[in-house]
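Trainee: Before I ask anything, let me first share the structure, which is written out below as structure tokens.
The values are calculated or read from the model by the stated rules, or taken from the named source; none is laboratory data. Values in this document were obtained by computation on a predicted structure and should not be read as measured data. Ideal geometry is used to build each Cβ from the backbone, glycine not excepted, and the neighbour counts take in all protein chains shown.
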Amino acid sequence: MLFRYLYSLLGVLLAVPLCIASSNIGSRPQLESRVSDLFSNSTDAGGHTNNWAVLVCSSRYWFNYRHMANTLAMYRTLKRLGLPDSNIILMLADDVACNSRNSFPASVYANKGKEMDLYGQGIQVDYRGYEVTVESFLRLLTGRHDHTVPRSKRLLSDSSSNVFVYMTGHGGNEFLKFQDNEEVSAYDVADAVEQMWEKRRYNKLLFAIDTCQANTMYSKFYSPEIISTGSSALGENSYSHHNDMDIGVAVIDSFTHYILQYLETLGKTSKETLKDFFGIYDPSKIHSHPGISTSLSTSPPEDILVTDFFGAVAKIEISPKSSELPISSHASYSTQWEESPNTARNRDDLDKEREEPSSSSSFSSGESTFGGNGNVWKSPLSVDNHMKRVFGTLGGLSGIGLFAYFASRN
Amino acid sequence: MSITDPNRPSYSNLEREKPTPAEVTLQINPSTKRRLLITLSFPLLFLLAIPFWWYVTSIERLPLPVSRIDTLSNITIPEVRGKILVTADSDAFPTPPPGRAVFETKVILEALGREVVKGVDGIYERSRPQKKRNWDLIYDDNKENPTPFKVHLRRFEHANTSFPLEPYVQPFEKGLMTSGITEGTLVIPVHPKQISDRFLKQHYKIALINSLLSLYPAQPPMIPLRSLKYSPNITLSFVLLNEDSSQGSYARSWSIESAIQDHFIPQLEPLKDIFNFTIESQILYHAPLTFSPTLGEPSSEKCDSARIDAALEGAKRGDEMDEAIAIDLIQESRQQAWWVGEEDMKVFVNSERWSLDSGSTNNPVLRFLLYIPKEAHRPMKLATEDSAQSFLLPQFGSVHILNPPSLSLTQTSTYHLSSSTLKGSFHLFTQHLYSLLALPVLYDPGKIHHPPSPSPLLPPSDMWQGITPWQVNQVLLSRGKENSEEAIKTLIGIKRLVRKIKEMKIGKGVRDKVLGSVERLEQMSENRSALENFISSRDAVTLANEAFFDPSMMGLLYFPDEHKFAVYTPLFAPVAVPLLLGLLKELLSWRKRKRAAAGPAPVLTATATVVEESQEQGMVVQELVNDQSLISEIEQRDDSQTSVATGEEVLGARELRSRIKK
């Protein structure tokens, strides 16, 4: 009996503060408007069509090789999972690949065995060297560029984009050092992200940071739909994973190493969620305590696919059969295909053509095409012309000679 | 320091004629007043510099029209009421039997119009959420300001003889055989045989209600996620991709200009007030895939037997073309194909290796890719069932896979894609353009039909006709709505950010842009035309975006207090110590002097203080101190009774002092 009363008493006790709280919400128009603002802002709830990534390595110098390698390895992984280069903004504060101390010039490795060259071919560094500053980073996030900044240096995301921000470098309590002379504070990053949210520049944002005391960097976020993770707690260092004796410096940081190791197991069509992603964190291996913050996100990590951030295109739409032209006017049958007017050209002819750029352009029309063979536009003097000139000059000279001869005779 | 020692016996024994060292000191040192001025000038400078420092370091934050922005957030986007002109051929109605009154066509139309309006209102009233009709029917056009929306009831010999009536929108016509109906008119064709029908009026009414509901919806269509956000400048990039032309059998050229002229210009031209299109095209000769398509047998579902049957039917009738198609289709259905799975389609576009646009602008680009697989990969097909060989990538563009005929002419032949070959691809691209730009589709099954061909000799075209004024109006309304909503959201965003981030600067440029945007949004009204409202909304959103993305709007960096201390302390602490100490000394001596004035104190003490202070004066006084040490030397010699020399020395010292003064 007593217990029953106790339960009802507890129920009443719980109800009282709840009622007070709810009446408070109702009576405060300010809060209400803020809540409604919050909802009005999310135009396309949950829907996303494209992914963007901002990868930042903020430290210079050869001995920070591992930070460059972290970022480049992340870049490679994103590309392997199908994110096009145009949607990755890569910021590298130094160019270790071409450092004179690099005994493997023009290559960067993120592991001891030097299995994969991260620099290699097809790399697009958008901000490099001294372009990587706190200002350029914050301008990138907020989109406040000078109008001359090219497309490749802009984060052109919108309300249907998922944005992944990865940072690495040397940091401390609530700051991350950029280059060697300035630092970005957690407040700055939080304010920049808030500005992104106000302009609906992301649908969801995943913030990952690998630096000492990394978890302090995301502690100041206050905008919605952010999931953040860091490598180490306040007062902890973030350690490198291993050295390479030939390169002579540490090649990768632990936290990033284990993330990449996990991402390596995923394919483009993986259905793994962020919960699985966070599940691989092992403080004993990483030697620090990685942090995860999902309090700002409305959807829990188990509902978000890893490929929602690390993947390529969110979806495609296949045209139905009915959208094709009906059979009578369909073009795919053989009689309508024409041979090219200059058909006799096989490969050899093509090669020849390349050598003799004066022959007709292979484009359908000069005006509307671009790219391709630049030689077409600046055709050098052909041999005929040359000979004509020589003959002309000779003729002229002989004429003068004859004239002089007759003049002297008279 | 010997001079400050009061216990020196020799001091009091000095002769009166000679200046005492204390007097010398007094003469050498600047007067108390002057020293005070010097000492005070430093803190004064600091005080005077404070306003300047304040002015230089304070953040310019001009006030924004917050209350106007707040009122904007509650406004509804004004709806412009359209006028629809209804006309008819005079013989589109049955002639009344003799003896009955003959009505003018206009009168009949007015009666019909009332019915239509009643019908539409009834439908809108029943719909949930409730909608409102936003147009009126008129029967006489205003000559100065003709309405773009026209309906015509046409008596037409080539119309369908059975009901229901099949309304269509008049396309652009050229040549001798034109119907005389202006382009973009909604035409309700009626066959002469149908005119005598008893229920003709009902049929007219149904056809009118249906077609007007479809062409002039109460609310503009939403902008779906797959479409581009509004941007005044859009680049269209057409790319012909050969997977690998090094192995021969590739498309060498294409009639891109005529294809664009035929298929895209009629769609783009009417949108010129809304979008500014730039078109570029290119041919790529090497476009490798990142995945390998799988070679597989066609499954029974994948071959479309219906089409083969249809073609075979035609072939039996002796149609040569159908026969060829049938052969082709049967072969196609038996052939093994290279299948592209749905997951592969997501990574089909190899942006890393293919350069798909010139990248010359910051405008959004829509890419239309015509992909020709290499011979080893033919025929390449999409593995999804019942689909066209084409797919759309939201906000990016579309892809169409075009397989050259299996019966290739020669192994090394190259193709020219003529406009008839490109017709199928461009038909698909047109549809994709509609999806990507959120243009409303004209044809609505059962409501709006394809127009008849201009000449009865030609078969009706399956191509989509150019954009009509009805669609342009819908685009204007939906984009106008999108823009004004975006502008208002951005303005509210700016307002909130400025309140939240105190370090953010608001200069004159930003404020002017915000004001301009607010003004344009306030200008929008129901009395202006849809185009005027759209232009206002377009400028408003452009200005609001410019204000938001203004480079000067960068919030200044946040620095914690420890950081500020760490910066300012090394700079100011060393300067502050002598300044503060000097002031303190000055204060002390002032008090002493006051006390001395009250009760005369021995001269000795006063001089001693002065000397002591003069030593504390730092750099300026240093030379004088040197002087004093000279004097003390003199005194020491005084002790040893060498007075002549002393006198000379003192003179020397005076000269020295005068030199210093100079």
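Trainee: How many residues, within region A:275-311, are among the β-branched types (Val, Ile, Thr) and closer than 29 Å to A:His242 by Cβ?
Mentor: Residues in region A:275-311 being among the β-branched types (Val, Ile, Thr) and closer than 29 Å to A:His242 by Cβ: 5 in total.
Trainee: Quick check on region A:370-410: of everything there that is among the basic types (Lys, Arg) and surrounded by fewer than 10 Cβ atoms within 10 Å (Cβ to Cβ), which residue is modelled with the highest pLDDT?
Mentor: A:Arg409
Trainee: Could you go through region B:398-407 and let me know if any residue there is under 28 Å from A:Ser270 (Cβ atoms), crowded, with 16+ Cβ neighbours inside 10 Å, modelled with pLDDT of 85 or more and facing chain A (nearest Cβ under 10 Å).
Mentor: Initially, region B:398-407 is screened for residues under 28 Å from A:Ser270 (Cβ atoms), giving B:398-399, B:401.
With crowded, with 16+ Cβ neighbours inside 10 Å added as a condition, the list becomes B:398-399, B:401.
Among the residues that remain, those that are also modelled with pLDDT of 85 or more are: B:398-399, B:401.
With facing chain A (nearest Cβ under 10 Å) added as a condition, the list becomes B:398-399.
Scanning region B:398-407, I find at least one residue that is under 28 Å from A:Ser270 (Cβ atoms), crowded, with 16+ Cβ neighbours inside 10 Å, modelled with pLDDT of 85 or more and facing chain A (nearest Cβ under 10 Å), so the answer is yes.
Trainee: Name the residue, out of B:Ser237, B:Ser246, B:Ser211, that is polar (S, T, N, Q), touching a residue at least 24 places away in the same chain (Cβ under 8 Å), assigned to a helix (DSSP H, G or I) and crowded, with 20+ Cβ neighbours inside 10 Å.
Mentor: Working: B:Ser237 fails: assigned to a helix (DSSP H, G or I); B:Ser246 fails: crowded, with 20+ Cβ neighbours inside 10 Å.
So the residue among B:Ser237, B:Ser246, B:Ser211 that is polar (S, T, N, Q), touching a residue at least 24 places away in the same chain (Cβ under 8 Å), assigned to a helix (DSSP H, G or I) and crowded, with 20+ Cβ neighbours inside 10 Å is B:Ser211.
Trainee: Please determine whether any residue of region B:100-123 is touching a residue at least 12 places away in the same chain (Cβ under 8 Å) and outside any helix (DSSP H, G or I).
Mentor: In the first step, residues of region B:100-123 are kept if they are touching a residue at least 12 places away in the same chain (Cβ under 8 Å); the result is B:105-106, B:108-110, B:112-113, B:115-117, B:119-121, B:123.
Next cut, outside any helix (DSSP H, G or I) only: none.
No, every residue in region B:100-123 fails to be touching a residue at least 12 places away in the same chain (Cβ under 8 Å) and outside any helix (DSSP H, G or I).
Trainee: Here is a further query. Residues of region B:164-178 being at pLDDT below 75 and surrounded by 13 or more Cβ atoms within 10 Å (Cβ to Cβ), which ones? Please lay out each step first, then the result.
Mentor: Step one: filter region B:164-178 for residues at pLDDT below 75, giving B:173-178.
Once the filter is applied, which keeps residues that are at pLDDT below 75 and surrounded by 13 or more Cβ atoms within 10 Å (Cβ to Cβ), region B:164-178 yields only B:Glu173.
Trainee: Check whether at least one residue in region B:179-191 is exposed (fewer than 15 other Cβ atoms within 10 Å of the Cβ) and outside any helix (DSSP H, G or I), and report yes or no.
Mentor: yes
Trainee: Taking B:Tyr371 as the residue in question, decide whether it is part of a strand (DSSP E or B), touching a residue at least 24 places away in the same chain (Cβ under 8 Å), crowded, with 19+ Cβ neighbours inside 10 Å and facing chain A (nearest Cβ under 8 Å).
Mentor: On the way: part of a strand (DSSP E or B): yes; touching a residue at least 24 places away in the same chain (Cβ under 8 Å): yes; crowded, with 19+ Cβ neighbours inside 10 Å: yes; facing chain A (nearest Cβ under 8 Å): no.
Here the answer is no, as B:Tyr371 does not meet what is asked.
Trainee: With within 30 Å of A:His145 (Cα to Cα), in contact with a helix residue (DSSP H, G or I) (Cβ under 8 Å, 6 or more places away or on another chain) and of a type in the set (Ser, Thr, Tyr) as the only criterion, which of B:Ser351, B:Ser387, B:Ser358 stands out? Give the steps one after another, and end with the answer.
Mentor: Details: B:Ser387 fails: within 30 Å of A:His145 (Cα to Cα); B:Ser358 fails: in contact with a helix residue (DSSP H, G or I) (Cβ under 8 Å, 6 or more places away or on another chain).
Just one listed residue meets the conditions, B:Ser351.
Trainee: Look through B:Val541, B:Val518, B:Val498 and report the one residue that is crowded, with 20+ Cβ neighbours inside 10 Å, closer than 30 Å to B:Asn145 by Cβ and within 14 Å of chain A (Cβ to nearest Cβ). Even if it seems obvious, please write down each step before you answer.
Mentor: Values: B:Val518 fails: within 14 Å of chain A (Cβ to nearest Cβ); B:Val498 fails: closer than 30 Å to B:Asn145 by Cβ.
Criteria check complete, one pass: B:Val541.
Trainee: Conditions: (1) outside any strand (DSSP E or B); (2) facing another protein chain (nearest Cβ under 7 Å); (3) buried (at least 21 other Cβ atoms within 10 Å of the Cβ). B:Ala259 meets all but one. Number of the miss?
Mentor: Failing condition for B:Ala259: (2).
Trainee: Criterion first (within 10 Å of another protein chain (Cβ to nearest Cβ) and either within 24 Å of A:Asp276 (Cβ to Cβ) or buried (at least 23 other Cβ atoms within 10 Å of the Cβ) (or both)) does A:Val251 satisfy it? Can you show your working first?
Mentor: On the way: within 10 Å of another protein chain (Cβ to nearest Cβ): no; either within 24 Å of A:Asp276 (Cβ to Cβ) or buried (at least 23 other Cβ atoms within 10 Å of the Cβ) (or both): yes.
The answer is no for A:Val251.
Trainee: From the list B:Phe559, B:Phe565, B:Phe548, which residue is surrounded by 15 or more Cβ atoms within 10 Å (Cβ to Cβ) and without any contact (Cβ under 8 Å) to a residue 40 or more places away in the chain?
Mentor: Working: B:Phe565 fails: surrounded by 15 or more Cβ atoms within 10 Å (Cβ to Cβ); B:Phe548 fails: without any contact (Cβ under 8 Å) to a residue 40 or more places away in the chain.
Exactly one of B:Phe559, B:Phe565, B:Phe548 is surrounded by 15 or more Cβ atoms within 10 Å (Cβ to Cβ) and without any contact (Cβ under 8 Å) to a residue 40 or more places away in the chain, namely B:Phe559.
Trainee: Inside region A:125-237, counting only strands (runs of 3 or more DSSP E) that do not spill past its ends, which hold 2 or more residues that are over 16 Å from the mean Cα position of the chain (by Cα) and either in contact (Cβ under 8 Å) with a residue 24 or more places away in the chain or over 30 Å from A:Asp282 (Cβ atoms) (or both)?
Mentor: Details: elements: A:161-168, A:175-178, A:182-185, A:204-210, A:226-230.
So the answer is A:175-178, A:182-185, A:226-230.
Trainee: Here is a follow-up. Please go through region B:435-479 and pick out each residue that is among the aromatic types (Phe, Trp, Tyr) and either buried (at least 23 other Cβ atoms within 10 Å of the Cβ) or in the same structural domain as B:Phe391 (by TED's automatic domain parsing) (or both).
Mentor: Going through region B:435-479, the residues among the aromatic types (Phe, Trp, Tyr) turn out to be B:443, B:464, B:470.
Residue satisfying the conditions is B:Trp470 alone.
Trainee: Somewhere in region B:425-435, is a residue part of a helix (DSSP H, G or I), within 30 Å of B:Glu522 (Cα to Cα) and modelled with pLDDT of 90 or more?
Mentor: The first filter runs over region B:425-435 and keeps only residues part of a helix (DSSP H, G or I), leaving B:425-435.
Then keep just the ones that are within 30 Å of B:Glu522 (Cα to Cα); that gives none.
No - not one qualifying residue is present in region B:425-435.
Trainee: Let me ask something else. Do you know which residues across region A:179-207 are buried (at least 24 other Cβ atoms within 10 Å of the Cβ), more than 11 Å from chain B (Cβ to nearest Cβ) and touching a strand residue (DSSP E or B) at 6+ places or on another chain (Cβ under 6 Å)?
Mentor: A:Tyr202, A:Leu205, A:Leu206
Trainee: If a residue has to be polar (S, T, N, Q) and either under 21 Å from B:Thr542 (Cβ atoms) or outside the structural domain of B:Leu271 (by TED's automatic domain parsing) (or both) to count, how many in region B:228-251 make the cut? Spell out how you get there, then give the answer.
Mentor: So the first thing to find is which residues in region B:228-251 are polar (S, T, N, Q), and the list is B:231, B:233, B:235, B:237, B:242, B:245-247, B:249.
Then keep just the ones that are either under 21 Å from B:Thr542 (Cβ atoms) or outside the structural domain of B:Leu271 (by TED's automatic domain parsing) (or both); that gives B:231, B:233, B:235.
Residues that pass the stated criteria total 3.
Trainee: Can you report the number of residues in region A:110-127 which are at pLDDT 90 or above and more than 14 Å from chain B (Cβ to nearest Cβ)?
Mentor: Qualifying residue count, region A:110-127: 2.
Trainee: Can you find a residue that is hydroxyl-bearing (Ser, Thr, Tyr), farther than 21 Å from B:Asp444 by Cα and modelled with pLDDT of 80 or more anywhere in region B:135-143? Full working, then the answer.
Mentor: Here is the first cut: in region B:135-143, the ones hydroxyl-bearing (Ser, Thr, Tyr) are B:139.
So of that shortlist, the ones also farther than 21 Å from B:Asp444 by Cα come out as B:139.
From what's left, modelled with pLDDT of 80 or more: B:139.
Yes, there is a match, as at least one residue in region B:135-143 is hydroxyl-bearing (Ser, Thr, Tyr), farther than 21 Å from B:Asp444 by Cα and modelled with pLDDT of 80 or more.
Trainee: Is one or more of the residues making up region A:98-108 more than 19 Å from A:Val163 (Cβ to Cβ), in contact with a strand residue (DSSP E or B) (Cβ under 9 Å, 6 or more places away or on another chain) and more than 14 Å from chain B (Cβ to nearest Cβ)? Give the derivation first.
Mentor: Applying the first criterion (more than 19 Å from A:Val163 (Cβ to Cβ)) to region A:98-108 yields A:98-108.
After this cut, where a residue has to be in contact with a strand residue (DSSP E or B) (Cβ under 9 Å, 6 or more places away or on another chain) as well, the list is A:108.
This time we only want the ones that are more than 14 Å from chain B (Cβ to nearest Cβ), so: A:108.
The answer is yes, given that some residue of region A:98-108 is more than 19 Å from A:Val163 (Cβ to Cβ), in contact with a strand residue (DSSP E or B) (Cβ under 9 Å, 6 or more places away or on another chain) and more than 14 Å from chain B (Cβ to nearest Cβ).
Trainee: Also: Mind checking whether some residue in region A:142-165 is at negative phi, within 9 Å of chain B (Cβ to nearest Cβ) and crowded, with 24+ Cβ neighbours inside 10 Å? Write out each step before concluding.
Mentor: Of region A:142-165, the ones at negative phi are A:142, A:144-165.
Pick out the ones that are also within 9 Å of chain B (Cβ to nearest Cβ) and you get A:142, A:144-147, A:149-152, A:154, A:156, A:158-160.
Okay, now just the ones that are also crowded, with 24+ Cβ neighbours inside 10 Å, so A:142.
Yes; the residues of region A:142-165 include at least one that is at negative phi, within 9 Å of chain B (Cβ to nearest Cβ) and crowded, with 24+ Cβ neighbours inside 10 Å.
Trainee: For the list (1) surrounded by fewer than 22 Cβ atoms within 10 Å (Cβ to Cβ); (2) within 13 Å of chain A (Cβ to nearest Cβ); (3) in contact (Cβ under 8 Å) with a residue 24 or more places away in the chain, I need the number of the one condition that B:Ala376 fails.
Mentor: (2)
Trainee: In addition: Just name the residue that is nearest to the chain's Cα centre (by Cα) out of those in region B:436-478 that are of a type in the set (Val, Ile, Thr) and in a helix (DSSP H, G or I). Before the answer, list the steps.
Mentor: Narrowing region B:436-478 to residues of a type in the set (Val, Ile, Thr): B:441, B:448, B:467-468, B:472, B:475.
If we keep only those that are in a helix (DSSP H, G or I) as well, we get B:472, B:475.
On the way: B:Val472: 22, B:Val475: 19 Å.
Across region B:436-478, the extreme among qualifying residues is B:Val475.
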